[in-house]
Amino acid sequence: MADILDRVELDRLLTEAQAEALETPEALEEFRITHFGRQGLLKDLNERFRQVPGEQKREMGQALNAFKGALQTLFDEASSILDAQFDAQTSGQDPTLPSGGVKVGSHHPLSLVRREILDIFARMGFVVADGPEIEDDWHVFSGLNFPEEHPARDMQDTFFIQRDPDLLLRTHTSSVQVREMERRDPPFRLVMPGRVFRNEAISARSHCIFHQVEGLYIDKGVSFADMKQTLLMFAQQLFGADVKIRLRPSYFPFTEPSAEMDVYWGLKTEVDKRITKGTGWLEIMGCGMVDPAVLEASGVDPEVYSGFAFGMGIERIAMLKWQIGDLRLFFENDMRFNAQFTRA
Ligand code: DAH
């Protein structure tokens, strides 16, 4: 059992308490618990006070009260110093104000345009398909009617994978058409978004990496008129109901006949004249009726089925939509650029 309480001990305890550094909120809380807490020093002293003999009770009681008061003063002083420090650090700040808010991210402009294009085609019954970026010669060229050594292959400067000459980075998403025709039975309507690669010098107008959306519609009795109507509908949804389109004859190995689709941009400003080369028209995609040889090579019977295909560059459409003059901006990931596009 502990000794009976005496003044000497109280003086020693007070000296110890005064020596404690109460300079942080944590230290102050520790002091409160060890002195005033339910298992603390004062509880212990109160118990021992009960054993003080009657004739000393009065005097010891006063001493104990003085000790308690001194501890409380130590605590209160340290506490008000810490409060003042906290106020100084946060002065001018109103803790009841709402915080600055969480910074919300934004979608990349190319993601917004890709999503808008896919949504428009989804409403016309097209579903999304995906294919690999590293492809073989068959899916990128041969299966699409590009003969070996044919100059049409030069239209697309290809990155080859050195250890295997049959492997390359796809130069267009048309490769996904071949894959999907090989594995599906018609009818089907597909849109195929993806990244493509070409060995081209990087400039404001071209890049070695860019994005395309490919489309493919195969069924019985699909005609050029179906294609034109589908693509007109698409252009109206993307650019507005009064958009004008035209189809210009063109050449692609995998479509026959082939066309390029232009939208009318206008000739109002000098910039309009420059970007449309004085015509007022801007090309936005290639398209055509899938060549029967391509259907055949992928296992679709050209006697039974026909279809159309189209392919467009996402960057080009985004540049038109938002009048962006330099393709490289899409790949720099400068947030001052990216965050400007909250919706398509
Ligand atoms: N693959 C072509 C290119 O990258 C674009 C294209 C043209 C895709 C005509 C098609 C098409 O599906 O029918 O330049």
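The values are calculated or read from the model by the stated rules, or taken from the named source; none is laboratory data. If you're wondering where the values come from, they're calculated on a predicted model, not measured in any experiment. Don't worry about glycine lacking a Cβ; one is built from the backbone with ideal geometry, like all the others, and counts go over all protein chains shown. Heads up: the accessible areas ignore ligands, DNA and RNA and are worked out on the full protein's heavy atoms, side chains in. Shrake-Rupley method; radii C 1.70, N 1.55, O 1.52, S 1.80 Å.
Has the stretch 296-313 got any residue that is among the aromatic types (Phe, Trp, Tyr), closer than 26 Å to Arg205 by Cβ and in a strand (DSSP E or B)?
yes
What are the pairs with Cβ atoms under 7 angstrom where one residue, in the stretch 61-88, is in the same structural domain as Gln18 (by TED's automatic domain parsing) and the other, located anywhere, is assigned to a helix (DSSP H, G or I) and open to solvent by 30 Å² or more (accessible area, probe 1.4 Å)? Sequence gap at least six, or different chains.
Ala63/Arg7; Leu64/Phe49; Phe67/Leu14; Ala70/Leu14; Leu74/Gln18; Phe75/Arg32; Leu82/Pro25
Evaluate the stretch 274-291: report whether one residue or more is touching a His at 6+ places or on another chain (Cβ under 8 Å), within 15 Å of the ligand (Cβ to nearest atom) and touching a residue at least 60 places away in the same chain (Cβ under 8 Å).
The answer is no; no qualifying residue exists.
When Phe234 is evaluated against the numbered criteria (1) buried (at least 18 other Cβ atoms within 10 Å of the Cβ); (2) more than 21 Å from Asn145 (Cα to Cα); (3) without any contact (Cβ under 8 Å) to a residue 60 or more places away in the chain, which criterion, by number, is the only one it fails?
Single failed check for Phe234: (3).
Pick out the one residue from Asp94, Asp3 that is over 30 Å from Phe210 (Cβ atoms) and within 52 Å of the chain's Cα centre (by Cα).
Values: Asp3 fails: within 52 Å of the chain's Cα centre (by Cα).
One residue alone meets the criteria, Asp94.
Quick one: Lys321 ticks every box in (1) at pLDDT 95 or above; (2) under 24 Å from Arg123 (Cα atoms); (3) of a type in the set (D, E, K, R) except a single one, so which number is it?
Only one criterion in (1) at pLDDT 95 or above; (2) under 24 Å from Arg123 (Cα atoms); (3) of a type in the set (D, E, K, R) is unmet by Lys321, namely (1).
Could you check, for the stretch 180-189, whether at least one of its residues is in a loop (DSSP other than H, G, I, E, B) and in contact with a strand residue (DSSP E or B) (Cβ under 7 Å, 6 or more places away or on another chain)?
Yes, the stretch 180-189 contains at least one residue that is in a loop (DSSP other than H, G, I, E, B) and in contact with a strand residue (DSSP E or B) (Cβ under 7 Å, 6 or more places away or on another chain).
Hey, can you tell me all the residues within the stretch 170-197 that are more than 16 Å from the ligand (Cβ to nearest atom) and either polar (S, T, N, Q) or open to solvent by less than 10 Å² (accessible area, probe 1.4 Å) (or both)?
Hits for the stretch 170-197: nothing passes.
From the list Arg316, Arg246, Arg336, which one is away from the ligand (no atom under 12 Å from the Cβ), free of Cβ contacts under 8 Å to residues at least 40 places away in the same chain and part of a helix (DSSP H, G or I)? Give the steps one after another, and end with the answer.
Working: Arg316 fails: away from the ligand (no atom under 12 Å from the Cβ); Arg246 fails: part of a helix (DSSP H, G or I).
Within the list Arg316, Arg246, Arg336, the selection yields Arg336.
Can you pull out every residue in the stretch 198-228 that is touching a helix residue (DSSP H, G or I) at 6+ places or on another chain (Cβ under 9 Å), open to solvent by 30 Å² or more (accessible area, probe 1.4 Å) and among the charged types (D, E, K, R)?
Scanning the stretch 198-228 gives a single hit, Asp219.
Where in the stretch 23-95 are the helices (runs of 4 or more DSSP H), entirely inside, with at least 3 residues that are closer than 19 Å to Asp11 by Cβ, open to solvent by 70 Å² or more (accessible area, probe 1.4 Å) and of a type outside the set (D, E, K, R)?
54-89
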